[in-house]
1. For the structure I just gave you, tell me whether Ile160 is surrounded by fewer than 18 Cβ atoms within 10 Å (Cβ to Cβ) and of a type outside the set (Lys, Arg).
2. For the list (1) buried (at least 19 other Cβ atoms within 10 Å of the Cβ); (2) within 26 Å of the chain's Cα centre (by Cα); (3) not polar (S, T, N, Q), I need the number of the one condition that Leu248 fails.
3. Return the only residue of Val185, Val178 being under 26 Å from Ile302 (Cα atoms), surrounded by fewer than 24 Cβ atoms within 10 Å (Cβ to Cβ), in contact (Cβ under 8 Å) with a residue 40 or more places away in the chain and out of contact with any Asp or Glu (no Cβ under 9 Å at 6 or more places or on another chain).
4. Which condition breaks for Asp469 when tested against (1) under 30 Å from Phe214 (Cβ atoms); (2) out of contact with any Pro (no Cβ under 9 Å at 6 or more places or on another chain); (3) of a type outside the set (Gly, Ala, Ser)?
5. If I ask for residues that are in a helix (DSSP H, G or I) and either over 17 Å from Leu63 (Cα atoms) or not aromatic (Phe, Trp, Tyr) (or both), which ones from region 262-273 would you list?
6. Looking at region 485-543, which of its residues are part of a loop (DSSP other than H, G, I, E, B), among the β-branched types (Val, Ile, Thr) and more than 25 Å from His240 (Cβ to Cβ)?
7. Given (1) without any contact (Cβ under 8 Å) to a residue 12 or more places away in the chain; (2) within 30 Å of Trp395 (Cα to Cα), identify the lone condition not met by Phe142.
8. Quick one: would you say Val519 is closer than 25 Å to His320 by Cβ, touching a residue at least 12 places away in the same chain (Cβ under 8 Å) and among the β-branched types (Val, Ile, Thr)?
Amino acid sequence: MSSTPTQQKLPPLVLGALGVVFGDIGTSPLYAIQAVFTGPHPLPAVEANILGVLSVLFWTIMLLVSFKYVAIILRADNHGEGGSLALLALVGELTAQHPKIKWTVTALGVFAAALFFGDSMITPAISVLSAVEGLDLVSHQFKIYILPLTVLILTGLFFIQKRGTGIVGMAFGPIMIVWFGCLAVFGIISITHHPQILYALNPVYAFNFLISDFRIAFLSLGAIVLAITGGEALYADMGHFGKFPIRLAWFSFVLPALVLNYFGQGALLLDNPQAVENPFYLLAPASILVPLVLLATAATVIASQAVISGAFSLANQSVHMGFLPRMEIRQTSDKAQGQIYVPLTNWTLYLAVVFLVLSFQSSTNLAAAYGIAVTGTMTITTILIAVVILMLWRWPLIFSIPLIIVLLLADMTYFAANAIKIIEGGWFPLGIAVISFTVLMTWKRGRALLFEDIARQSVSMQTILDGVDDMPRVSGTAVFLTPTSDGTPSALLHNLKHNHVLHERNILLTVVVEDKPYVTKGNRLLIKDMGKNFYWVRVFYGFMDAPDIPAALEICAARGLPFDMMTTSFFVSRALIVSSPHPSMTKWRERLFISLSKNAMNAADFFKIPANRVIEMGTLVEI
């Protein structure tokens, strides 16, 4: 029996998952325990607190990562893809017959995506900064170099994005294997000195910690949650590696290494409470501190790379799903379609990350800003997965309702614990999320109004077809890009009005983005012969596909509609949007939409249409 492709490629897929998927959660030991005992609401490093914190941390990882994400949410793939917008597209299909529910889940899904943009700014800052801070333990003389070195490393990371990360990515897996190996070894050595730390595996310690002084315990949850930051990446990166490799890597390697290291840090604190200064680095022998700082820096760069790539992917999906205007998206690999570079996203992230490093100046201070975006995303994901459980999987209510309640209760408790950190720094990711959400929803709403106005102004194609018999024709093919499949494209109307001529063959072309990540080549086109040498061509893409109109038109030849690019002209309408006397949006949102529209990438460039074959025709649209 021949093995499946997944079985054949399992080792490299697991290695790749180790290098990309688990970078964020894998570097959390650098700062999570430290933040609990030295953060804005520090706990005394006494035995009861250490055992209680570790017990809560362990069972949080088991419930919200192992059970929720790995066991349940990885099942909710959208044709193999995961992430906030992929889940939103899946839930959107399920709720299509319920407009109010669909609007609500759409808003929630978009806000989860907006929260990720805030998260993707904090992750590189806190990760790299926490790694470089190990230099202070090597020698206090290095302390003045921590911030400049952090900024330098992050600058280099963002500058190499335009070259693609394929070559660097090949080294990610082996580095992370060494990293997780070190986490496990240091943890085991420490645990052997104080094995009583393993009592924390008993959930009774977590329960007692939470009820002994709920106020203090509640405040500590805002730092404990840092141990699961990056858990959402398991779902977001599912399309790159598949469910089984991610599950295998998690349960066989990553989870044991993380638990051993956290418990090792706890054992160290039992022996030396003063180690709260930096329990991660103080686990290691002083003789290997410098190599460990270098390894930690490499691991945090990898974690940062993963979240930056995720932001590129999210921006790409947002453009194709109509939540962001067209922008430059460069393919950095001719082999891997997922490897892209989005300049605007890259430099926006860079400026925000440098601002965070210079403003907060330490990983402990940044920890106050970290968490609210992650817990918000996790809470929304639970709500969306609840829709999938009830409407798609149709699990028995006697099982699904208690399950949803437990997961929501855990997520919302952690979100509430992080909400009190808004003044201490949580305002930043929340503010970024609100701005991003406003932009995403304004563009979506503005486009809908734009298309409604275009449809109102349009003339029935049948009217045009009835009146073109005596119209003079010139040789060649005219392709009219139109956003809707109803009515006559405004560029065609302008051509008739001003040039009083038609091409020998006329194509009305509409690009349709499906609620799935990819569309196969066989399902790319739908051609309709309208008569009199007019054709309506619909080109279908998934929200992860890279649109390429000339490549799509090459497929038409096999369908009896050949194209010669040298005799084909593309007519593109450029809408001049002005304010209506009775606008359908508030004035400030209308101005925002008009501004975004003016800065949108040219349609011809976005769809890879040769510039020398494009004719732009303006049209006035009121919204």
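1. It is true that Ile160 is surrounded by fewer than 18 Cβ atoms within 10 Å (Cβ to Cβ) and of a type outside the set (Lys, Arg).
2. Of everything listed in (1) buried (at least 19 other Cβ atoms within 10 Å of the Cβ); (2) within 26 Å of the chain's Cα centre (by Cα); (3) not polar (S, T, N, Q), Leu248 misses just condition (1).
3. From the options Val185, Val178, the qualifying one is Val178.
4. Only one criterion in (1) under 30 Å from Phe214 (Cβ atoms); (2) out of contact with any Pro (no Cβ under 9 Å at 6 or more places or on another chain); (3) of a type outside the set (Gly, Ala, Ser) is unmet by Asp469, namely (1).
5. Step one: list which residues in region 262-273 are in a helix (DSSP H, G or I), which gives 262-271, 273.
Phe263, Gly264, Gln265, Gly266, Ala267, Leu268, Leu269, Leu270, Asp271, Pro273, listed by residue number.
6. Residues satisfying the conditions are Thr488, Val501.
7. Every listed condition holds for Phe142 apart from (2).
8. Working: closer than 25 Å to His320 by Cβ: yes; touching a residue at least 12 places away in the same chain (Cβ under 8 Å): yes; among the β-branched types (Val, Ile, Thr): yes.
Spelling it out, Val519 is indeed closer than 25 Å to His320 by Cβ, touching a residue at least 12 places away in the same chain (Cβ under 8 Å) and among the β-branched types (Val, Ile, Thr).
The values are calculated or read from the model by the stated rules, or taken from the named source; none is laboratory data. As the structure is a computational prediction, the values presented were derived from the model and not from experiment. Every residue, glycine as well, gets a Cβ built from its backbone with ideal geometry; the counts of neighbours run over all protein chains shown.
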